[in-house]
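As C-alpha coordinates, the structure follows; a few thoughts come after it.
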Amino acid sequence: MDKKVAKLINEQINKELYSAYLYLDFSIYYEQQGLDGFANWYMVQAQEERDHAMLFLKYLQLNGEKATLEAVGKPDKEMKSLMDPLKAGLEHEQYVTGLINDIYAAAYDVKDFRAMQFLDWFVKEQLEEEKNADDMIKKMELFGNDSKGLYSLDAEYAARIYTAPSLVL
Ligand code: FEO
(Lines give C-alpha, C1' and ligand atoms only; values in the text may rest on other atoms or scores of the structure.)
Protein backbone atom coordinates (compact mmCIF):
# COMPACT_ATOMS: atom_id res chain seq x y z
CA MET A 1 0.00 0.00 0.00
CA ASP A 2 0.99 3.60 -0.48
CA LYS A 3 2.69 4.72 2.75
CA LYS A 4 0.60 7.83 3.23
CA VAL A 5 -2.71 6.02 2.70
CA ALA A 6 -1.65 3.22 5.07
CA LYS A 7 -0.56 5.77 7.69
CA LEU A 8 -3.85 7.68 7.52
CA ILE A 9 -5.87 4.47 7.76
CA ASN A 10 -3.78 3.41 10.73
CA GLU A 11 -4.43 6.76 12.41
CA GLN A 12 -8.14 6.35 11.70
CA ILE A 13 -8.21 3.25 13.91
CA ASN A 14 -7.25 5.52 16.79
CA LYS A 15 -9.75 8.23 15.80
CA GLU A 16 -12.59 5.72 15.70
CA LEU A 17 -11.62 4.30 19.08
CA TYR A 18 -11.57 7.85 20.42
CA SER A 19 -15.08 8.30 18.98
CA ALA A 20 -16.19 5.18 20.86
CA TYR A 21 -14.65 6.59 24.03
CA LEU A 22 -16.29 9.97 23.52
CA TYR A 23 -19.75 8.45 23.05
CA LEU A 24 -19.24 6.20 26.03
CA ASP A 25 -18.55 9.38 28.01
CA PHE A 26 -21.82 10.89 26.71
CA SER A 27 -23.61 7.69 27.70
CA ILE A 28 -22.20 7.93 31.22
CA TYR A 29 -23.29 11.58 31.46
CA TYR A 30 -26.90 10.85 30.43
CA GLU A 31 -27.12 7.84 32.72
CA GLN A 32 -26.16 10.15 35.57
CA GLN A 33 -28.92 12.56 34.53
CA GLY A 34 -31.50 9.74 34.70
CA LEU A 35 -31.95 9.65 30.92
CA ASP A 36 -31.41 5.97 30.27
CA GLY A 37 -32.68 6.21 26.68
CA PHE A 38 -30.08 8.81 25.70
CA ALA A 39 -27.49 6.73 27.56
CA ASN A 40 -28.54 3.70 25.53
CA TRP A 41 -28.34 5.60 22.25
CA TYR A 42 -24.75 6.61 22.90
CA MET A 43 -23.81 3.18 24.22
CA VAL A 44 -24.93 1.72 20.88
CA GLN A 45 -23.09 4.51 19.08
CA ALA A 46 -19.91 3.62 20.96
CA GLN A 47 -20.27 0.02 19.75
CA GLU A 48 -20.63 1.25 16.17
CA GLU A 49 -17.46 3.31 16.49
CA ARG A 50 -15.55 0.32 17.77
CA ASP A 51 -16.80 -1.54 14.68
CA HIS A 52 -15.48 1.27 12.49
CA ALA A 53 -12.06 0.93 14.14
CA MET A 54 -12.10 -2.82 13.52
CA LEU A 55 -12.95 -2.32 9.85
CA PHE A 56 -9.95 -0.02 9.36
CA LEU A 57 -7.74 -2.51 11.21
CA LYS A 58 -9.00 -5.43 9.15
CA TYR A 59 -8.50 -3.51 5.92
CA LEU A 60 -4.84 -2.89 6.78
CA GLN A 61 -4.35 -6.53 7.68
CA LEU A 62 -5.99 -7.78 4.48
CA ASN A 63 -3.50 -5.61 2.60
CA GLY A 64 -0.53 -7.04 4.47
CA GLU A 65 0.12 -3.92 6.55
CA LYS A 66 1.00 -3.93 10.21
CA ALA A 67 -1.24 -1.77 12.38
CA THR A 68 0.22 0.24 15.23
CA LEU A 69 -2.04 1.16 18.12
CA GLU A 70 -1.57 4.47 19.92
CA ALA A 71 -3.02 5.75 23.21
CA VAL A 72 -6.67 6.75 23.05
CA GLY A 73 -7.29 10.31 24.20
CA LYS A 74 -9.37 11.17 27.26
CA PRO A 75 -12.82 12.47 26.30
CA ASP A 76 -12.78 16.14 27.29
CA LYS A 77 -16.02 17.65 26.00
CA GLU A 78 -17.71 19.91 28.52
CA MET A 79 -21.18 18.71 29.44
CA LYS A 80 -23.05 21.36 31.39
CA SER A 81 -26.44 20.92 29.80
CA LEU A 82 -28.42 18.11 28.16
CA MET A 83 -27.76 19.81 24.81
CA ASP A 84 -23.95 19.95 25.15
CA PRO A 85 -23.18 16.31 24.18
CA LEU A 86 -25.53 16.55 21.19
CA LYS A 87 -23.77 19.62 19.83
CA ALA A 88 -20.33 18.17 20.58
CA GLY A 89 -21.44 14.98 18.81
CA LEU A 90 -22.34 16.82 15.60
CA GLU A 91 -19.09 18.79 15.67
CA HIS A 92 -17.17 15.57 16.17
CA GLU A 93 -18.88 13.81 13.27
CA GLN A 94 -18.14 16.76 10.99
CA TYR A 95 -14.51 16.45 12.03
CA VAL A 96 -14.55 12.71 11.27
CA THR A 97 -16.08 13.37 7.85
CA GLY A 98 -13.09 15.62 7.16
CA LEU A 99 -10.71 12.83 8.19
CA ILE A 100 -12.42 10.31 5.90
CA ASN A 101 -12.29 12.83 3.06
CA ASP A 102 -8.56 13.33 3.67
CA ILE A 103 -7.91 9.59 3.43
CA TYR A 104 -10.02 9.44 0.29
CA ALA A 105 -8.06 12.31 -1.25
CA ALA A 106 -4.76 10.57 -0.47
CA ALA A 107 -6.04 7.35 -2.07
CA TYR A 108 -7.29 9.29 -5.09
CA ASP A 109 -3.86 10.93 -5.53
CA VAL A 110 -2.14 7.56 -5.96
CA LYS A 111 -5.02 5.89 -7.84
CA ASP A 112 -5.65 3.45 -5.01
CA PHE A 113 -9.06 2.37 -6.28
CA ARG A 114 -9.29 -0.45 -3.76
CA ALA A 115 -8.97 1.95 -0.85
CA MET A 116 -11.45 4.33 -2.47
CA GLN A 117 -13.97 1.53 -2.84
CA PHE A 118 -13.46 0.57 0.82
CA LEU A 119 -13.83 4.20 1.89
CA ASP A 120 -17.05 4.67 -0.08
CA TRP A 121 -18.91 2.92 2.73
CA PHE A 122 -17.52 5.41 5.24
CA VAL A 123 -18.36 8.39 3.05
CA LYS A 124 -21.99 7.25 3.06
CA GLU A 125 -21.87 6.36 6.74
CA GLN A 126 -20.71 9.89 7.62
CA LEU A 127 -23.77 11.35 5.93
CA GLU A 128 -25.90 9.22 8.23
CA GLU A 129 -23.78 10.06 11.27
CA GLU A 130 -24.10 13.80 10.69
CA LYS A 131 -27.81 13.54 9.92
CA ASN A 132 -28.49 11.58 13.12
CA ALA A 133 -26.51 14.06 15.21
CA ASP A 134 -28.28 17.01 13.61
CA ASP A 135 -31.71 15.41 14.12
CA MET A 136 -30.99 14.90 17.80
CA ILE A 137 -30.18 18.59 18.22
CA LYS A 138 -33.34 19.64 16.38
CA LYS A 139 -35.53 17.32 18.43
CA MET A 140 -33.96 18.54 21.65
CA GLU A 141 -34.61 22.14 20.62
CA LEU A 142 -38.22 21.33 19.80
CA PHE A 143 -39.14 19.01 22.67
CA GLY A 144 -36.34 19.08 25.24
CA ASN A 145 -37.63 21.97 27.34
CA ASP A 146 -40.86 20.20 28.15
CA SER A 147 -40.72 17.29 30.61
CA LYS A 148 -43.21 15.17 28.65
CA GLY A 149 -41.34 15.90 25.44
CA LEU A 150 -38.04 14.94 27.03
CA TYR A 151 -39.59 11.75 28.41
CA SER A 152 -40.82 10.80 24.92
CA LEU A 153 -37.43 11.50 23.37
CA ASP A 154 -35.76 9.37 26.00
CA ALA A 155 -38.19 6.54 25.25
CA GLU A 156 -37.42 6.87 21.52
CA TYR A 157 -33.68 6.62 22.15
CA ALA A 158 -34.15 3.68 24.50
CA ALA A 159 -35.40 1.67 21.53
CA ARG A 160 -32.16 1.87 19.58
CA ILE A 161 -30.54 -1.54 19.26
CA TYR A 162 -27.09 -2.47 18.08
CA THR A 163 -26.71 -3.97 14.64
CA ALA A 164 -23.45 -5.05 13.07
CA PRO A 165 -22.14 -2.84 10.25
CA SER A 166 -23.39 -3.60 6.73
CA LEU A 167 -19.79 -3.56 5.49
CA VAL A 168 -18.13 -6.96 5.81
CA LEU A 169 -14.50 -7.42 4.86
FE1 FEO B 1 -17.03 6.38 12.97
FE2 FEO B 1 -19.26 8.31 13.96
O3 FEO B 1 -18.15 7.73 12.59
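The values are calculated or read from the model by the stated rules, or taken from the named source; none is laboratory data. Computed from a predicted model, the values in this text were never measured in an experiment. Cβ: placed from backbone, ideal geometry, glycine included. Neighbour counts: every protein chain shown. Please note that ligands, DNA and RNA were not included when accessible areas were found on the heavy atoms of the full protein model with its side chains. Shrake-Rupley method; radii C 1.70, N 1.55, O 1.52, S 1.80 Å.
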- Message: Looking only at residues that are assigned to a helix (DSSP H, G or I) and within 26 Å of MET54 (Cα to Cα) in region 137-169, which one is least open to solvent (accessible area, probe 1.4 Å)?
- Response: TYR157
- Message: Take the residues in region 89-100 that are free of Cβ contacts under 8 Å to residues at least 60 places away in the same chain and in contact with a helix residue (DSSP H, G or I) (Cβ under 8 Å, 6 or more places away or on another chain); name whichever of them is most open to solvent (accessible area, probe 1.4 Å).
- Response: GLN94
- Query: Do we find a residue being closer than 21 Å to GLN33 by Cβ and away from the ligand (no atom under 13 Å from the Cβ) anywhere in region 103-113?
  - Reply: no
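For (1) more than 24 Å from MET1 (Cα to Cα); (2) without any contact (Cβ under 8 Å) to a residue 12 or more places away in the chain, each residue gets a yes or a no:
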| residue | (1), (2) |
| --- | --- |
| MET79 | yes, no |
| ALA105 | no, yes |
| ALA115 | no, no |
| MET140 | yes, no |
| GLY149 | yes, yes |
| LEU153 | yes, no |
| SER166 | yes, no |
- Query: Could you list, in sequence order, the residues of region 115-131 that are touching a Phe, Trp or Tyr at 6+ places or on another chain (Cβ under 9 Å) and surrounded by fewer than 15 Cβ atoms within 10 Å (Cβ to Cβ)?
  - Reply: ASP120, VAL123
- Message: Can you confirm whether LEU69 is within 29 Å of GLN117 (Cα to Cα) and either among the acidic types (Asp, Glu) or touching a helix residue (DSSP H, G or I) at 6+ places or on another chain (Cβ under 8 Å) (or both)?
- Response: yes
- Among the residues of region 53-63, which ones are in contact (Cβ under 8 Å) with a residue 12 or more places away in the chain and either away from the ligand (no atom under 12 Å from the Cβ) or over 14 Å from ASN10 (Cβ atoms) (or both)? LEU57, LYS58, TYR59, LEU60, LEU62, ASN63
- Residue check, TYR104 closer than 22 Å to GLU49 by Cβ and at pLDDT 95 or above: yes
- Query: What number of residues in region 21-45 are buried (at least 21 other Cβ atoms within 10 Å of the Cβ) and within 13 Å of the ligand (Cβ to nearest atom)?
  - Reply: 6
- Does region 66-77 contain any residue that is under 13 Å from the mean Cα position of the chain (by Cα), more than 12 Å from the ligand (Cβ to nearest atom) and of a type outside the set (D, E, K, R)? no
